[in-house]
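The values are calculated or read from the model by the stated rules, or taken from the named source; none is laboratory data. Note that the structure is predicted; figures quoted are calculated from it, not measured. Ideal geometry is used to build each Cβ from the backbone, glycine not excepted, and the neighbour counts take in all protein chains shown. Protein only, heavy atoms only, side chains kept; ligands, DNA and RNA dropped before computing areas. Shrake-Rupley method; radii C 1.70, N 1.55, O 1.52, S 1.80 Å.
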Amino acid sequence: MSTNIDDLLASVIDESPMPSKSFEEMILEQSVSSTKTSSGPVPEVDLSIKEFKPIEKVFLDEPANYFDDASYYKTAIAGEGQASNRLHAVLSKYLSCQDIKDKMVYRQQVIMAYWEVIRSVAPKSANKNFPMPKRMLLRFAILLPSLFRPEHRELFSKSILENNTGEPVFYLDEWFKYIAQGKIKPSTTDEVRQKKGTGSAEEEQVRLQQMQSKNSGKLQTSENALNMAESRRSSLETELQRKVDEISRHETVAGLEPHRQGLTEGQKKLFAEMTTLLRELSKNDKELSKALDDFREAKGVYESVEEKIAAGPEITGANAEDINQEFETIRQMAKMTCGRQGNQFPIFTRDFFHCMPQSTGFRENVLQTLAWVESIDPNAFVRIHKNTPNRIVPFVVLLPTYGDFGFCWEPFDRYNRVTSRGRIVVPMYPRDLKIAVLMAVADLRWQVAKEKASFYWMEEGLTGQYYEWIIEKQKLKGDIKQYFIQDYILWMTKESEGVQRLDKEVRGIFWRNMPFPQALKDDLRTRSLVYDELCKKDANRAMSDGY
């Protein structure tokens with residue numbers, strides 16, 4: 001290839017040129033800068049955690065120098081075979097082209113060539129020495145630092161590399177790394193794929209791993225129920241002991257010391273309360289015994305399957321088919337974040353990036369937004385199993401796209417509906433990060449409620465009530481879920497502040513099925529009779545034991 005990328009970019013972009021070397025020299029040169037990337041554990045589901053931890057730091061105090069490396073571009077693009085050559089060639093034409101029609105043609109070619117490079121780079125993200133430029137390419141879609149503005153360079157140089165939050169929010173390079181290492185299962189698609197082994201023994205291992213995933217949910221749920229029963233017993237016993245101690249206290253009789261008084265009227269009244277406590281303690285003992293048996297059984301099955309897995313052949317990581325399928329899934333996700341009419345250009349450029357630092361989809365910003373969502377909708381990430389609420393934060397995949405649409409890809413793992421994480425996708429460069437996150441959470445809420453109602457989703461629960469309103473009463477056509485998402489956004493951004501934007505019946509559906517925290521309810525009822533009336537209905541339902 002005769003084109004020199006450095007001379008070309010220098011003539012198109014007003015930035016300092018890169019060292020003058022042909023692309024062929026870039027590909028052949030082996031001394032590329034690299035950095036070790038720590039794999040780190042994938043955060044496990046912990047049902048005892050009830051809220052997000054506060055984010056102490058969103059950006060580093062001092063910028064790193066990733067993008068100051070003169071060989072950044074060659075390191076990011078080199079080593080990917082013909083895909084590198086194609087991307088280099090069409091990107092050169094795109095950046096130097098002045099004709100609008102030709103530029104549109106080259107733009108489409110850049111999109112195709114870019115994704116072929118990503119297909120080649122993605123499996124390498126699990127390597128111990130994964131070059132930082134390739135990591136930044138996957139994470140932020142930064143191919144050419146010369147496409148930065150100075151403030152962009154500083155912003156991204158201050159981003160925090162590692163996940164120190166303990167939350168399952170991942171950049172694309174981390175996501176591919178964990179998929180390749182087998183720490184996270186590949187995303188499901190419409191055509192469910194069964195992972196095939198090379199022989200019957202390996203296929204049996206895959207079956208056992210799927211069974212283990214199911215058993216893991218049962219084990220966690222049974223242990224959670226046991227913990228709750230034990231906590232309740234401890235509370236009852238403490239209260240009972242307090243009343244016994246109170247009954248056992250007797251004042252001395254004046255002049256007849258050391259003799260003491262009999263029971264007071266207040267102490268006698270405690271007998272009835274103690275009888276109630278004893279009945280509750282007896283009931284709790286039955287629940288605790290059952291929970292203990294369930295936990296013992298679940299633990300036995302889990303350990304039995306674990307032993308069989310340990311005795312079988314080792315299956316390390318995901319196979320090439322899984323990695324390739326996950327790439328195709330991610331590419332589809334990227335398109336969905338942008339929509340049909342959105343900007344599908346995949347490379348970071350100052351021409352398309354218009355986000356403020358706090359509205360860019362960095363991990364810490366997204367977590368702060370999720371915490372805000374949960375502060376208004378406390379049950380946003382709660383799934384009910386056997387009347388037990390389990391708070392399960394979904395996997396969040398951050399995609400470096402110029403999209404505006406967040407969405408839910410999976411509400412939960414099909415092999416473990418009890419305690420598995422769902423998967424939501426958030427674009428990193430949207431016009432409004434809060435709205436993009438709200439769309440994803442609304443989609444998750446809808447899908448979880450729909451799966452819970454199963455065949456009766458048009459009749460029962462949140463989805464049934466909303467379906468009846470949209471289809472049967474309003475006679476609206478189109479995607480019901482999209483109506484719900486838009487109403488959820490209004491619910492979270494307007495109604496939570498006392499600004500009435502929803503229809504009265506929709507407000508009632510949301511109030512019952514996705515209630516605000518009690519403190520917010522009490523505040524809203526002072527602002528409007530509408531919310532005061534809803535609070536009164538809450539009280540009536542509570543009195544009738546139907547809430």
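Nearest 10 degrees, 0 to 90: what angle lies between the long axis of helix 82-96 and the longest principal axis of the chain (Cα atoms)?
On a 0 to 90 degree scale, this one is about 80.
Round to the nearest 10 and give me the degree value, 0 to 90, for the angle of helix 320-338's Cα axis relative to the longest principal axis of the chain.
90
Counting only protein heavy atoms and a 1.4 Å probe, tell me what percentage of the chain's accessible area is made up of carbon and sulfur.
Working: 14340 of 28350 Å².
In the chain, the share of accessible area belonging to carbon and sulfur is 51 percent.
How would segment 414-488 be classified by its alpha-carbon gyration tensor: rounded, prolate or oblate, with rounded meaning a/c under 1.5 and the a/b versus b/c comparison settling the rest?
oblate
Taking the Cα of residue 530, stepping 7 Å toward and past its beta carbon, and measuring to each backbone N in segment 500-518: which are under 18 Å?
Output list for this probe position: 500-517.
So if R0 is 60 Å, what FRET efficiency would residue 241 and residue 112 give, r being the distance between their Cβ atoms, rounded to the nearest 0.05?
0.25
Report the label-to-label distance for residue 311 and residue 388 in nanometres (one decimal), using points 7 Å from each Cα along the Cα→Cβ vector.
It works out to 2.9 nm between the two label points.
Let's test the formula: R0 of 60 Å, r as the Cβ-Cβ distance of residue 331 and residue 544. What FRET efficiency results, to the nearest 0.05?
Working: r = 53 Å, r/R0 = 0.88.
Rounded to the nearest 0.05, the efficiency is 0.70.
Show me 411-423, 386-398 ranked by packing, highest mean number of other Cβ atoms within 10 Å first. Could you put the intermediate results ahead of the total?
Details: 411-423: 20.8, 386-398: 18.2.
Packing order, densest peptide first, comes out as 411-423, 386-398.
Please state the charge dipole magnitude for segment 46-159, taken about the Cα centre, from unit charges on C-beta atoms (+1 on K and R, -1 on D and E), reported in debye and rounded to the nearest 20.
Computed about the Cα centre, the dipole is about 380 debye.
Would you give the gap between the C-alpha center of segment 333-354 and the C-alpha center of segment 399-455, rounded to a whole Å?
19
Would you work out if segment 78-162 is rounded, prolate or oblate? Take a ≥ b ≥ c from the square roots of the eigenvalues of the alpha-carbon gyration tensor; rounded if a/c is under 1.5, else prolate when a/b is larger than b/c, oblate otherwise.
Verdict is oblate for segment 78-162.
At 0.36 nm per residue, and after removing the present C-alpha to C-alpha distance, how many nm does the segment from residue 127 to residue 60 gain when stretched out fully?
21.6 nm
Relative contact order of the chain, please, whole-number percent, based on alpha carbon pairs below 8 angstrom and at least 6 residues apart.
Computed over the chain, the figure is 14 percent.
Sorted by average packing, counted as other Cβ atoms within 10 angstrom per residue and highest first, what order do 295-301, 360-366 take?
360-366, 295-301
Where both partners of a DSSP beta bridge lie in the chain, what percent of those bridges are antiparallel, to the nearest 5?
Counting only bridges with both partners in the chain, antiparallel ones make up about 60 percent.
Highest mean first, what order results for 350-358, 112-120 on Cβ atoms within 10 Å? Please list the in-between numbers first.
Values: 350-358: 13.4, 112-120: 18.9.
Put in order of decreasing packing, that is 112-120, 350-358.
Note the full-extension length gain between residue 259 and residue 301 as 0.36 nm times their separation in residues minus their Cα-Cα distance, in nm to one decimal.
Details: separation 42, 0.36 × 42 = 15.12 nm, distance 6.08 nm.
Extending this stretch completely gives an extra 9.0 nm.
Report, in degrees rounded to the nearest 10, the 0 to 90 angle that the Cα long axis of helix 504-513 makes with the longest principal axis of the chain.
70
In this model, which of 335/494; 57/128; 128/185 are farther than 24 Å apart at the alpha-carbon?
Listed pairs above 24 Å: 335/494; 57/128.
Only one of the values (1) 57, 36, 29; (2) 46, 24, 23; (3) 54, 29, 24 was calculated from this structure for semi-axes √(5λ) of the Cα gyration tensor in Å; name its label.
Recomputing semi-axes √(5λ) of the Cα gyration tensor in Å here gives the entry labelled (3).
Take the alpha carbon gyration tensor of segment 282-412, find the square roots of its eigenvalues, order them as a ≥ b ≥ c, and report rounded if a/c is under 1.5; if not, report prolate when a/b exceeds b/c, else oblate.
In terms of gyration-tensor shape, oblate.
Which value, in Å², gives the accessible area per residue of the chain when a 1.4 Å probe is used on the protein heavy atoms?
In whole numbers, the chain has 52 Å² accessible per residue.
Test of understanding: extend the Cα→C-beta vector of residue 50 to 7 Å, then name every residue of segment 235-250 with backbone N under 16 Å from that spot.
Counting backbone N atoms under 16 Å from the label point, the list is 235.
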